[in-house]
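I have placed the structure first, in the form of structure tokens, so that the comments after it can refer back to it.
Laboratory data are not the source of any read-out in this text; all were calculated from the coordinates shown. Just so you know, these numbers come straight off a predicted model, no measurement behind them. Here the Cβ positions follow ideal geometry from the backbone for every residue, glycine too, while neighbour counts run over all protein chains shown.
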Protein chains: 4
Amino acid sequence: MSDLKALGLVCTLKRGGGPSSSALLGQQVLDALAEHGCKGELIRVADRQVAFGVSKDEGDGDDWPAIREKMLEADILLIATPIWMGQPSSVCKMALERLDAELGETDDEGRLSTYPKVAVMAIVGNEDGAHHSVAEISQALNDTGFTLPANAATYWVGEAMASTDYNDLGSTPEKTAGTTKTLATNAVHLARLLKDAPYPAAG
Amino acid sequence: MSDLKALGLVCTLKRGGGPSSSALLGQQVLDALAEHGCKGELIRVADRQVAFGVSKDEGDGDDWPAIREKMLEADILLIATPIWMGQPSSVCKMALERLDAELGETDDEGRLSTYPKVAVMAIVGNEDGAHHSVAEISQALNDTGFTLPANAATYWVGEAMASTDYNDLGSTPEKTAGTTKTLATNAVHLARLLKDAPYPAAG
Amino acid sequence: MSDLKALGLVCTLKRGGGPSSSALLGQQVLDALAEHGCKGELIRVADRQVAFGVSKDEGDGDDWPAIREKMLEADILLIATPIWMGQPSSVCKMALERLDAELGETDDEGRLSTYPKVAVMAIVGNEDGAHHSVAEISQALNDTGFTLPANAATYWVGEAMASTDYNDLGSTPEKTAGTTKTLATNAVHLARLLKDAPYPAAG
Amino acid sequence: MSDLKALGLVCTLKRGGGPSSSALLGQQVLDALAEHGCKGELIRVADRQVAFGVSKDEGDGDDWPAIREKMLEADILLIATPIWMGQPSSVCKMALERLDAELGETDDEGRLSTYPKVAVMAIVGNEDGAHHSVAEISQALNDTGFTLPANAATYWVGEAMASTDYNDLGSTPEKTAGTTKTLATNAVHLARLLKDAPYPAAG
């Protein structure tokens, strides 16, 4: 079965395609989804010209509309973000703000275009901030119509005030690897259920 | 169809069954769920003797085990909390901490006993704090194995620094009522899907 | 006395200098500080070319170093942000991430260059999210060496799911005006104390 | 000089005085404050009968009024909390809710009785959640009139999904020890400044 599509938005602050811990963990999530027949693509948001704003299209030179097209085609949206100061990155916030526009996109029955989609998260930092990042991103994604499968997030952080990057660890910590696997199993299962049986009109 | 059960934990700080805005909004959620064939019950947590802790049973005099039995029987868990200082109540936090024990409750395939369950939220305060409360509660519930339907939360708050209670408004604000209705439709749909087709073992 | 300087970073998503609620509340804070002899300046961050990153200078075309110079000269730093999805704006997060670089700027005694500075906040949105925005910004500013006076934040938000902008209210709500006044009194008092008697070396 | 007093509220969920990581880190903060002439006392909140509520005195059997007396006598308030699910403990939230009552305690000039006081934090967990705990507690303490010195928090957490307790580490991690020392230096300096020169009336 290769019936499902995933889109991963990598929210590293770094431009230019160099090593990135959030890109690495994001790719690991896509790989785990692929084992369940879900094909995916990663986009590094900072490498595009995404405008600040809360509309679908901020006009000339805004790369968000092209990203949005892929989001609308995807069954699973992955937000992969680094942690800075214990919080998700500004690039992540910028992407979430663009998703705010989806609140205006409803069908004749008042259902958002995001409704049949499942969202998952990959959070990574030198130290501390994963749970809070999950909290903020979960709330923003759920507000804008996404469904969150059980154990929707995978993460890694080091000990307090540590400075090692995830992509310098050499190998994937076992607990993070196991969490990624569970996330993928649950996300694909739920995305298939909702694709076959979308939410009905409220009433 | 009356195949589904809901349990609502009302997390007001007030003991003794008097008027409570979170009890009111919680009841409105249960009523909306009932229209979709989901029977529910509200428990005011502060009126029970729930012990601080992170285990299933903190021993003599702990009322959590009885609440937990009902949670395990429910298909939908509702957390209804007041906002204090822009944050969910301490009673709400106490209940979430007790749910932390569910991380140790897995079947032979490693699946949590909470996995087929859907969680929703009802948040109410004089002013400000609903989105943050949703964020914290979403994260804690998702960590412990619950699935969140699209638009999993309904809420009401007044203008900045206002002091009117939700249960003194006289009538239910239209936007809150509409949000409650959507929440119920989505929660029941998702709970039925997951009851019929639970998450498979990770792999 | 006109011995103190303030810098206000306005974190609206809007470019181009049009009406902005966060600019308005930010200006009201500067006006209140001016009554205590503290001169100030507002910068709309989205109108500058600030690069994503966590260093003092991200290189060619980065406007942050010029903003940073003004921040270093200021005794009081004001962060004025709109709320989107119950959270501070991505532009605000981008500015806070740039402040992260100050953790590397210490004198011979290990004291940060931000140590004698006081930070305050002005938060504004159509609805809900002020307390959480204060929480996140307070933590980030305090982590990077700023001191927070009692009642360091002023804010306004409308009722749940409302859509009126602060700069369309016609007049300033009394409670917000009073809070702004208290903020200014406390910030100036504390900034003078710390300017006269900076934190000693740790020991 | 032994002119200053500190009160530390330890917010472990555990009753009965056994080993507690938050009690240990809290004591280390008090020891560091003592080196600057500030005498302190720790109270384990869960060992008292503190009622849920937001008033100064919830009546018969409520131990908060006695704790509040010590808080009012203290120049520095320390909140020491464990992390559960990435968040401060419910006992911590319960204590913060009781501090909410201080918003009603003003002098003839409208100044809160908490105004000359400085607040600091000690956060500890097996893994992840320190920054978020600092954010929430900072906001609540600042709302209720406390001033936050530069670097107002010390913390320790382990690597992602780790399970070692701080009080089983054997020795204090160097970075946490250094942070505790800086916290104490800054807190005492600021508390002395504000004791000698309290905030003036707003105007």
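Table for the structure above
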{"item": "Rounded tilt (10° steps) of D:64-73 against the dominant C-alpha axis of chain D", "result": "70"}
{"item": "Integer Hz, Karplus 6.51/-1.76/1.60 couplings in order for the stretch B:131-145, x for Gly and Pro", "result": "4, 5, 4, 4, 4, 5, 6, 4, 4, 5, 5, 5, 3, 8, x"}
{"item": "Coarse-grained scattering of the stretch C:104-203 at q = 0.22, 0.25 Å⁻¹, given as base-10 log I(q)/I(0) from a Debye sum over alpha-carbon atoms", "result": "-1.12, -1.29"}
{"item": "√(5λ) per eigenvalue of the Cα gyration tensor, chain C, largest first, Å", "result": "26, 20, 15"}
{"item": "Axis-proximal residue, chain A, for the rotation superposing A on D (Cβ, Å)", "result": "A:His132, 2"}
{"item": "Inter-copy label distances at B:Thr106 (7 Å, Cα→Cβ; nm, one decimal)", "result": "4.1, 4.2, 5.5"}
{"item": "Acute angle (nearest 10 degrees) that the helix B:90-99 long axis makes with the longest principal axis of chain B, alpha-carbon atoms", "result": "10"}
{"item": "Other-copy label distances relative to C:Asp57, 7 angstrom Cα-Cβ extension, nm", "result": "4.1, 6.3, 6.7"}
{"item": "Which of B:Thr154, B:Ser171, B:Leu7, positive extreme of dipole for chain B (C-beta unit charges)", "result": "B:Ser171"}
{"item": "Compactness relative to 2.2 N^0.38 Å, alpha carbon Rg of the stretch C:1-43", "result": "1.22"}
{"item": "Gyration tensor (Cα) of the protein assembly as shown, equivalent ellipsoid semi-axes in angstrom", "result": "38, 31, 26"}
{"item": "7 Å along Cα→Cβ, label-point gaps from D:Lys39 to other copies, nm, shortest first", "result": "4.9, 6.4, 7.5"}
{"item": "Label-point separation, C:Glu105 to A:Asp57 (7 Å along Cα→Cβ), nm", "result": "4.2"}
{"item": "Simple Cβ-charge dipole of the stretch B:4-196, Lys/Arg +1 and Asp/Glu -1, about Cα centre, in debye nearest 20", "result": "420"}
{"item": "Listed residue (B:Ile83, B:Gly61, B:Thr114) projecting farthest to the positive dipole end of the stretch B:4-196, Cβ model", "result": "B:Ile83"}
{"item": "Shielding of A:184-197 by partner chains, average beta-carbon count, 10 Å", "result": "4"}
{"item": "Cα-based helix-to-principal-axis angle, B:21-34 vs chain B, degrees rounded to 10", "result": "50"}
{"item": "Cα pair distances exceeding 15 angstrom across the stretch C:27-133, given as percent", "result": "68"}
{"item": "Cα centre as origin, Lys/Arg/Asp/Glu Cβ charges: the protein assembly as shown dipole, Debye", "result": "0"}
